[in-house]
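Taking it in order: structure first as structure tokens, then the write-up.
No value in this document is a laboratory result; all are computed from the given coordinates. Note that the structure is a prediction, hence the values are computed from the model and not measured. Counting neighbours? That spans all protein chains shown, and the Cβs are built from the backbone with ideal geometry, glycine included.
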Amino acid sequence: MRRWAGRTNEPLFWGLFGGGGMVSVFLMPVLIVIFAFLVPFGVFGGAEGTYETMHGVLTNWFVALVLFVVLALVLWHAAHRFFHSLHDLKIHPPEIVRVVIYGVALLAPAIGYSLFLVEAATS
Amino acid sequence: MAHSEAGGVMTVEVQRYRPDVDDTPRLVSYEVPWTQDTSVLDALNYIKDELDSSITFRWSCRMAICGSCGFMLNGEPKLGCEQFLRTYAPGPLRIEPLANHAVERDLVVDLEPFMTKLAAVEPYLHPDPTGTPEPGNLQTPEQMTRYGQFAACINCMLCYAACPQVGLATDFLGPAAITAAVRYNKDSRDFGNAQRLPLLDQEDGLWPCTFVGACSTACPKGVDPAAAIQQAKFAATMDWATEFVMPHHGAPGAKDGGHA
Ligand code: SF4
Ligand code: FES
């Protein structure tokens with residue numbers, strides 16, 4: 001990694017932010033409409049057993065991992081926007097606030113997935 | 001825009017200020033006769049010719065191409081020669097110097113910070129280091145279309161007056177300078193991406209931008225600097241990722257058609 005005066009890790013932060021934005025805008029609404037409305041309300045045929053089928057798919061460790069990564073991107077997007085909104089409001093908090101904001105975005109999905117794995121292993 | 005009144009006399013309030021003499025800027029009212037085709041610049045020239053010759057402002061072309069007559073008109077950054085008094089009828093119209101800029105006198109602002117930022121991004125063709133293959137350095141219409149819109153900038157600085165981030169972060173490179181960098185980065189004849197990257201990808205480079213979009217709303221030439229900055233962010237992110245994966249990748253940003 002080349003270094004120069006003032007170079008930041010902002011490309012990484014912004015890249016994840018952009019990815020989270022794409023997911024929030026294009027992917028999530030479609031998934032929500034399909035899996036929260038169309039499928040359960042039987043638009044694609046019998047809704048019988050939908051919950052059990054979905055539950056079975058989502059508790060697969062790999063599907064769950066993908067889901068947590070996608071949700072992590074959305075959370076990262078929100079955190080990044082929130083942090084920059086502070087700047088827009090002329091609030092310049094100490095570095096620790098920045099660490100906490102992005103920390104929540106990193107840790108919440110990680111802890112969530114860990115809890116899922118523990119739960120899956122014990123049930 | 002259409003207004004039934006064909007003309008009349010309008011109160012025009014102009015901010016007067018001589019930083020070395022006056023304590024604070026003040027608004028001075030002038031009564032300006034106007035007709036359907038009286039521009040704001042015409043009104044200022046009327047004031048200077050007929051009412052108060054000491055009033056100071058910049059202008060040149062009178063046709064929205066030289067970029068020197070940017071003012072705040074009722075609080076919005078506009079070109080004085082492109083706006084007409086009829087739009088502001090029955091008045092009053094308030095004319096102030098461009099926001100986010102230091103005032104030198106009356107409506108004249110300090111251009112130096114902007115000029116420094118613009119020059120910093122090296123907004124000129126960097127020739128192919130391996131030599132120019134064809135005489136004339138030709139380009140197809142498609143290649144020109146890739147940057148054409150960004151080349152329409154007239155350096156009027158309205159986008160700097162409109163941008164809240166320019167007001168918050170003084171050293172922010174700003175909309176037009178970043179757009180100029182993108183304009184050359186996207187030019188098939190240019191090989192200067194690597195030189196421009198360190199200026200763009202730094203704290204005061206393009207990252208203070210939070211995509212407010214006020215620059216593109218204010219721009220009188222349809223340049224869309226907000227889009228240019230987004231493209232520059234994406235390109236900087238791609239360069240960062242490339243270097244992360246391949247630390248010895250060498251100079252990123254070569255003309256590969258992918259990210260430029
Ligand atoms: S981008 Fe538009 S508003 Fe900004 S300096 Fe260029 S022409 Fe003026
Ligand atoms: S006088 Fe040239 S842009 Fe208005």
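What the table shows:
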read-out: Subset tally (residues that are away from ligand 2 (no atom under 14 Å from the Cβ), in contact with a helix residue (DSSP H, G or I) (Cβ under 8 Å, 6 or more places away or on another chain) and at positive phi) for the range B:62-83; value: 1
read-out: Residue in the range B:63-82 that is over 23 Å from the mean Cα position of the chain (by Cα) and of a type outside the set (Ser, Thr, Tyr) present; value: no
read-out: Inter-residue pairs, beta-carbon under 7 Å, first under 19 Å from B:CYS69 (Cα atoms) and in the range B:148-175, second small (Gly, Ala, Ser) and assigned to a loop (DSSP other than H, G, I, E, B), 6+ apart; value: B:ALA152/B:GLY222; B:ILE154/B:GLY67; B:ASN155/B:GLY67; B:CYS156/B:GLY67; B:TYR160/B:GLY174; B:ALA161/B:ALA99; B:CYS163/B:GLY174
read-out: In the range B:170-225, the residues that are among the charged types (D, E, K, R) and either over 15 Å from the mean Cα position of the chain (by Cα) or away from ligand 2 (no atom under 16 Å from the Cβ) (or both); value: B:ASP171, B:ARG183, B:LYS186, B:ASP187, B:ARG189, B:ASP190, B:ARG196, B:ASP201, B:GLU203, B:ASP204, B:ASP224
read-out: Enumerated helices (runs of 4 or more DSSP H) restricted to the range A:1-88, each holding at least 2 residues that are in contact (Cβ under 8 Å) with a residue 40 or more places away in the chain and more than 14 Å from every other protein chain (Cβ to nearest Cβ); value: A:61-88
read-out: Any chance B:ALA194 is within 14 Å of chain A (Cβ to nearest Cβ) and part of a helix (DSSP H, G or I); value: yes
read-out: Meets criteria (surrounded by 22 or more Cβ atoms within 10 Å (Cβ to Cβ) and in contact with a Leu (Cβ under 8 Å, 6 or more places away or on another chain)) for B:ALA180; value: yes
read-out: Count - residues of the range B:36-58 that are assigned to a strand (DSSP E or B) and either on the phi > 0 side of the Ramachandran plot or free of Cβ contacts under 8 Å to residues at least 40 places away in the same chain (or both); value: 0
read-out: Strands (runs of 3 or more DSSP E) lying entirely in the range B:59-177 (those with 1 or more residues that are within 13 Å of ligand 1 (Cβ to nearest atom)); value: B:70-73, B:76-79
read-out: Only one of B:TRP34, B:TRP59 that is touching a helix residue (DSSP H, G or I) at 6+ places or on another chain (Cβ under 6 Å), more than 16 Å from ligand 2 (Cβ to nearest atom) and among the aromatic types (Phe, Trp, Tyr); value: B:TRP34
